[in-house]
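Colleague: Take this structure first; my questions come after.
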Amino acid sequence: MPELPEVETVRRGLAQAMEGRRVEEIEVRRRDLRFPIPDDFEERLRGRTLTSLGRRAKYLVGTFDDDTVLLAHLGMSGRMVIETEEDRAVPGRFVHGAAAHNTHEHIVFRVGNGTVVRFSDPRRFGLMVLTDTKSFPSHRLIRHLGPEPTGREFTGPVLAARLKGKKTPIKSALLDQRVVAGVGNIYACEALFDAGISPRRSAATVQGARAGRLADAVRAVLARAIEAGGSSLRDHVAPTGELGYFQHSFSVYGREGEPCPECDCGKSIRRITQAGRSTFYCAQRQR
């Protein structure tokens with residue numbers, strides 16, 4: 001599943017193509033996604049101008065000129081791809097992604113300046129729902145989310161307060177979207193490594209300076225990943241067709257058996273399973 005850096009990469013690409021532009025036409029080819037596409041979806045968005053495209057956790061948040069809000073999630077395999085008039089003029093151009101995704105295009109947006117944005121999702125775990133600016137903060141998909149981890153307001157004390165009393169391992173707590181919004185398995189492993197904190201440690205014990213180190217590490221890892229365009233392991237491709245390359249900078253994720261890159265402990269990266277997810281860490285460096 002795309003994590004926060006991948007979604008932010010998609011948001012930035014789409015914003016360049018769609019912000020300030022009018023939705024000329026919408027074609028819904030399949031309505032039975034994770035949640036059914038509303039019957040009035042096309043009517044409510046056709047002719048409207050996208051004034052801003054933001055992000056909340058792993059959700060894309062599009063606000064239109066009549067205060068309609070489009071809330072979108074890429075699910076496990078969703079992809080948003082931009083097709084411009086220039087793309088159509090180049091023979092052999094990727095146009096709208098791999099052939100497997102072409103057969104699973106569910107929603108097509110045609111916006112001003114001849115730009116087409118195509119949403120494909122082979123597994124159909126993605127979603128697009130409509131709300132409005134007044135209702136958005138209390139929307140059932142949004143209201144439970146914890147703080148955004150990319151800004152300066154995400155600090156050690158903020159994280160410590162969210163972890164207080166939690167008996168689950170800190171790795172599992174970081175994946176709880178009520179604790180912190182948008183952090184997934186890859187970046188939880190990398191942040192814990194950077195902070196020198198064992199993924200097995202009880203979340204409740206991550207307080208004080210330890211919580212400060214972890215909050216700093218989460219912000220730093222996410223910033224580096226966003227700068228690299230996210231991690232392309234399976235389905236992630238930027239809307240322009242480019243792959244992310246942060247996977248080449250992993251310290252521990254997917255590196256079971258390799259030497260620890262930060263210490264001379266002579267031990268290799270371990271892999272354990274926590275809550276059904278693989279966790280990678282250095283048992284010597286992370287306490």
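The values are calculated or read from the model by the stated rules, or taken from the named source; none is laboratory data. This structure is a prediction, so every number in the text was calculated from the model and none was measured. For neighbour counting, all protein chains shown are included, and Cβ atoms are generated from backbone atoms with ideal geometry for every residue, glycine included.
Colleague: Return the only residue of Thr155, Thr133, Thr115, Thr103 being of a type in the set (S, T, N, Q), touching a residue at least 24 places away in the same chain (Cβ under 8 Å), more than 17 Å from Gln207 (Cα to Cα) and surrounded by fewer than 18 Cβ atoms within 10 Å (Cβ to Cβ).
Modeller: Answer to the check: Thr133.
Colleague: Return a yes/no flag: does the range 141-148 have any residue that is free of Cβ contacts under 8 Å to residues at least 24 places away in the same chain and of a type outside the set (A, V, I, L, M, F, W, C).
Modeller: yes
Colleague: Can you confirm whether the range 210-221 contains a residue that is within 18 Å of Gly254 (Cβ to Cβ) and surrounded by 22 or more Cβ atoms within 10 Å (Cβ to Cβ)?
Modeller: The answer is yes; a qualifying residue exists.
Colleague: Separate question: From the list Thr49, Thr68, Thr63, pick out the single residue that is more than 11 Å from Val129 (Cα to Cα), of a type outside the set (D, E, K, R) and in contact with a Leu (Cβ under 8 Å, 6 or more places away or on another chain).
Modeller: It is Thr63.
Colleague: Being without any contact (Cβ under 8 Å) to a residue 60 or more places away in the chain, on the phi < 0 side of the Ramachandran plot and buried (at least 17 other Cβ atoms within 10 Å of the Cβ) is the requirement here; does Lys166 meet it?
Modeller: yes
Colleague: If you don't mind, another one. Residue by residue through the range 35-69, note down the ones that are among the hydroxyl-bearing types (Ser, Thr, Tyr) and either in contact (Cβ under 8 Å) with a residue 60 or more places away in the chain or closer than 21 Å to Glu6 by Cα (or both).
Modeller: Ser52, Tyr59, Thr63, Thr68
Colleague: Taking the criterion of being farther than 19 Å from Gly75 by Cβ and touching a residue at least 12 places away in the same chain (Cβ under 8 Å), would at least one residue in the range 27-34 satisfy it?
Modeller: Yes, the range 27-34 contains at least one residue that is farther than 19 Å from Gly75 by Cβ and touching a residue at least 12 places away in the same chain (Cβ under 8 Å).
Colleague: Among the residues of the range 110-155, write down those that are modelled with pLDDT of 90 or more, in a helix (DSSP H, G or I) and touching a strand residue (DSSP E or B) at 6+ places or on another chain (Cβ under 7 Å).
Modeller: Phe136
Colleague: Another question, if that's okay. Counting only residues that are part of a helix (DSSP H, G or I) and either within 19 Å of Cys260 (Cβ to Cβ) or among the aromatic types (Phe, Trp, Tyr) (or both), how many does the range 198-218 have?
Modeller: Summing the residues that are part of a helix (DSSP H, G or I) and either within 19 Å of Cys260 (Cβ to Cβ) or among the aromatic types (Phe, Trp, Tyr) (or both) in the range 198-218 gives 3.
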